[in-house]
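Only one structure is covered here, and it is reproduced in the block below.
The values are calculated or read from the model by the stated rules, or taken from the named source; none is laboratory data. Every value quoted in this text rests on a predicted model; they were computed, and no experiment measured them. Using ideal geometry, Cβ is built from the backbone for each residue, glycine included, and neighbour counts are taken over all protein chains shown.
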Amino acid sequence: MARWMLPVLLVAGQLLYWPGMLLIRGDPVPALAGTGVVVATLIIGAGLGWRRERPAPALAVVVTGGVLGMLTAPAAQQWIVDHDALLIIGAGDLIALFSVAVRASARTAGWALAGTVAWQSILTGYQDGIDAELPVSILLTVVIYGAVTALGRRRGRWNTARADAARRLVAARRTERDAADSERRRLARELHDVTAHHLTSIVVNSSAAEMLGEQRPDLKSEALDFAARTGRETLDALHRLVAIMPAASTPADQPELADLAEGFRALGQRITVDLPDGEPAPEVTAVVYGIAREALTNTLRYAPGGEVLVRWSGGVLVIEDDGGGVPTTAAGLGGGRGITGMRERAESVGGTCEAGPRDGGGWRVRAVLAGDGGAVRSAYPWLRGPAVMDAFLVVIVILVQLLGLVFAVGEGLTAAITVPVVIAQVAHAVPLLLRRQSPWGVFAVTVLTGLLFPLLVFAGAVPSGLGYVFVFGCAAEVAAVYTVAARGAGPTLTWLTIPAAGIPWGLSMSLLLAAGVATDPEVADGGPLLLHGTIVMLTPVLAIVLGVPAAICWALGHSARRRRDRRHAQEEGGVAAALEQAALHAMIERHRIAAGLHEAVLHHAADVPGAAERGDISGVLAAARKALTAMRSLLDKEVSKSASE
C-alpha cells in the first residue's frame, strides 16, 4: 500500500491545482484540455504506482502520460509561468527516473537518463521554440536529471549494502554458533587421516617385521627406518594439527585467487575479486597466492567484516580494505613477520611489495611481480562500480562550469576563445575522478588548477571582458570540499577546506575583475594602485561568498561520514563480534583437543621414533598400538560429542 501513497498525493495535488482551482473559482475549463490533463494525470499516477516492481516500464508509462499532457494542456500561464498547468504531476518523470536508477542496472539507468533528457529537450523546444536559450535549457536539464540519476544509483548501492550487511550478520552468527562443532569435525577428520595413514602403517610394518624377523632379518631394519621416519612425520602432523592456525597448504593444493577469496567470504569478509587478466601465470602463481593469503588473513585479523578488494591486473596484485567497522581484539594474533614474508615472496621473482595505510582509512598491499609479464586484457577496467559515478560527477561538474560560456554566446565568443576555456574547465574538474583514492590530493590539485582562469585572461587567450565565463568554475571546488569532508583523512581538520577553497577562488575572481577594470577607460587612470586595491578588497569578500556553499557542502559531507561510520559500526559490530567469538570458540576447541592429544596420544606417538632409534621393534609396535588406540578413543569421543550437539 505504501507504494501508492506518493502517486495518490501527486494525482490529488495535480487535480486540485489544475483544473480543480479553476472549477472552484467558477472559471470555465476547456473540455479537451481538462479531459486530457485528467487522463494524463491518471496515467502518470498509475505508472508511478509500479515504479518499484517494474521501474523501466513505469518510466515509459509516465513519459507517455507526459506526452498526452503536453499535447492537451493549455500553454498559457495558469498560476506561475507559461505551461504550468502540469506543474505538480510534471515531476513524475523525475520520480520514475530515480526509481530506475535505484532498482535497475547501470546500463538501464543510463538509457533511461538519455531518454528522459531527450524527451525534456523536445518538450522545451516544442513549448518555447528553438532559440538562443534552448542550449541553456538543455544543459540545465542534463544537470538536473543527471543529479537525480546519480542520487538514485547511490541509493541503490545503499540498499544493496544494507541487505548484504544483514546477510553477513546472519552468516556470522551461524558461524559463531557452529564454530566449535566445525572445528571439532575438522580436527576429527585430520586425526582420522593421521590414524589411517601414519600409525596404521607403522603397526602393519612392525607386526610383519616382528613375525618374520627370523626368516627376513632385513625386514626389521626396514621397519625400524620406516617407523623412525613416519613417527617423526606423525609428530609433525599432530603438532601442525593443533597449532594456532591450520598448516599451510602445499603448492600443489593451492586454490585459485577466486577460491581463496571465497574461503574468506565464508568467514564474513566482503571481498570483491577483479581479475581482468584471469588467474596469474604459472611462474608466479605460488607467489601471488602466498601474498594474497597473508594479506587476506591480515584483513580478517585487523579489519573483520570490512570491504576488501583483490585485483590482479598487468602483473600487479592489489589488496586493500576499508579498515573494518569496529576495533578488534584479534590484533595480537599476528606473528609480526607477515609484511616481511610478502616482500620476500615478491623479491623471489624479481618484484616488489609495498604495504601501508591508505588515504581515507584501511590498509593496502601492492605487489608488482615482474615474472608475470601479463598485459591488461580489459579495455576499460575502470568502468566498474564507484568509478562510473565519479566519472558521471565529473561530467556534471564540467557542464555546470560551462554555463558561463552559454551566457557569453553572442558577445564576441569565438572558437579561439572557447577552446582554451573548455580545456581549463576540464582540467579543473578531471582530478575529481580520483577523489575516492586521494581526497586531500584531489582537493589541492583542484584549487591549484582554478588559478588557470585568471592566467588565461592575463595571457590574452581570453578577453578580459569575458572573464565571467569562469564564474561557475567553483563547482569543482565545492565538490572537492564535500569529498574531503566525507572521505578525507583527519576528519577534525577537514573544515580547513572551506577557507582553503574560498581564498584562492576569491583571488582568481578578483584578478579577473581587476583585469576587466584595467580595460575600462573611465577607471584606468587610477593605475596600479586601483588594481591592487580592487584585488585586496574583493578577495576576502568573494572568499566569503564561496565560503557559504563550501560550508554547506562540508556540512553535508561531514554528516554523510558520521552516518556512514555510525551505520558501519552498528552493522559490522555484530559481524565482527560474532566472528571473534567464532574464532575464540574454535581456538578453545582446538586447545581442548590439543590437551587431549598431549595427554593420551602424543607421548605414545613420541615413543615410536624413540624405540625405532633404539632398534626396539617390539617397543615400536607397542607404542604405535597405544597411540592408535588412544587416538581412536579420542576420535570416538569427539564424534559422539558432535552427534549429541
Inset, instruction - Could you check, for region 459-469, whether at least one of its residues is modelled with pLDDT of 95 or more, surrounded by 22 or more Cβ atoms within 10 Å (Cβ to Cβ) and out of contact with any Cys (no Cβ under 8 Å at 6 or more places or on another chain)? - result: no
Legend entry - Condition met for Gly610 (at pLDDT 75 or above, more than 30 Å from Ala179 (Cα to Cα), touching a Leu at 6+ places or on another chain (Cβ under 9 Å) and surrounded by fewer than 17 Cβ atoms within 10 Å (Cβ to Cβ)): no
Inset, instruction - Go over the candidates Arg107, Arg51 one by one and state the one that is of a type in the set (Lys, Arg) and part of a helix (DSSP H, G or I). - result: Arg107
Legend entry - Number of the exception - Leu531 against (1) surrounded by fewer than 17 Cβ atoms within 10 Å (Cβ to Cβ); (2) in contact with a helix residue (DSSP H, G or I) (Cβ under 6 Å, 6 or more places away or on another chain); (3) modelled with pLDDT under 80: (1)
Inset, instruction - Exactly one condition in (1) in a loop (DSSP other than H, G, I, E, B); (2) surrounded by fewer than 20 Cβ atoms within 10 Å (Cβ to Cβ) is not met by Leu86; state its number. - result: (2)
Legend entry - Subset of region 538-556 (residues that are in contact with a Ser or Thr (Cβ under 8 Å, 6 or more places away or on another chain) and at pLDDT below 95): Leu538, Thr539, Leu542
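For (1) modelled with pLDDT of 75 or more; (2) in a helix (DSSP H, G or I); (3) in the same structural domain as Glu344 (by TED's automatic domain parsing), each residue gets a yes or a no:
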{"position": "Ala188", "(1), (2), (3)": "no, yes, no"}
{"position": "Ala208", "(1), (2), (3)": "no, yes, no"}
{"position": "Gly213", "(1), (2), (3)": "no, no, no"}
{"position": "Glu222", "(1), (2), (3)": "yes, yes, no"}
{"position": "Glu283", "(1), (2), (3)": "yes, yes, yes"}
{"position": "Ala286", "(1), (2), (3)": "yes, yes, yes"}
Legend entry - Hey, Val11 surrounded by 19 or more Cβ atoms within 10 Å (Cβ to Cβ) and out of contact with any strand residue (DSSP E or B) (no Cβ under 9 Å at 6 or more places or on another chain) or not: yes
Legend entry - region 344-357: number of residues that are of a type outside the set (Val, Ile, Thr), farther than 18 Å from Thr297 by Cα and touching a residue at least 60 places away in the same chain (Cβ under 8 Å): 2
Legend entry - Condition met for Ser644 (modelled with pLDDT under 75 and either small (Gly, Ala, Ser) or not assigned by TED's automatic domain parsing to the domain that holds Phe226 (or both)): yes
Inset, instruction - List the helices (runs of 4 or more DSSP H) that sit entirely inside region 310-417 and contain at least 1 residues that are surrounded by fewer than 19 Cβ atoms within 10 Å (Cβ to Cβ), modelled with pLDDT under 80 and of a type in the set (S, T, N, Q). - result: 338-347
Legend entry - Total residues in region 446-467, condition in contact with a helix residue (DSSP H, G or I) (Cβ under 6 Å, 6 or more places away or on another chain), in a helix (DSSP H, G or I) and under 17 Å from Gln401 (Cα atoms): 10
Inset, instruction - Could you please tell me which pairs satisfy a Cβ distance under 7 Å, a separation of 6+ or placement on different chains, a first residue in region 450-466 that is in contact (Cβ under 8 Å) with a residue 24 or more places away in the chain and aromatic (Phe, Trp, Tyr), and a second residue that is surrounded by 18 or more Cβ atoms within 10 Å (Cβ to Cβ) and in a helix (DSSP H, G or I)? - result: Phe453/Ala424; Phe453/Phe470; Phe453/Gly473; Phe453/Ser508; Phe453/Leu512; Phe458/Ala515
Inset, instruction - From Ala76, Ala96, Ala56, grab the single residue that is over 24 Å from Tyr17 (Cα atoms) and small (Gly, Ala, Ser). - result: Ala56
Inset, instruction - Return the pairs, sorted by first residue and then second, in which the second residue is assigned to a helix (DSSP H, G or I) and crowded, with 17+ Cβ neighbours inside 10 Å, the first residue lies in region 609-624 and is on the phi > 0 side of the Ramachandran plot and in contact (Cβ under 8 Å) with a residue 40 or more places away in the chain, the beta carbons are less than 7 Å apart, and the residues are 6+ apart or on different chains. - result: Gly615/Leu224
Legend entry - Filter result for the condition that a residue is without any contact (Cβ under 8 Å) to a residue 24 or more places away in the chain and closer than 30 Å to Ala408 by Cα, over Gly146, Gly125: Gly125
Inset, instruction - Taking the options Thr116, Thr124, name whichever one is assigned by TED's automatic domain parsing to the domain that holds Ala58, polar (S, T, N, Q) and at pLDDT below 95. - result: Thr124
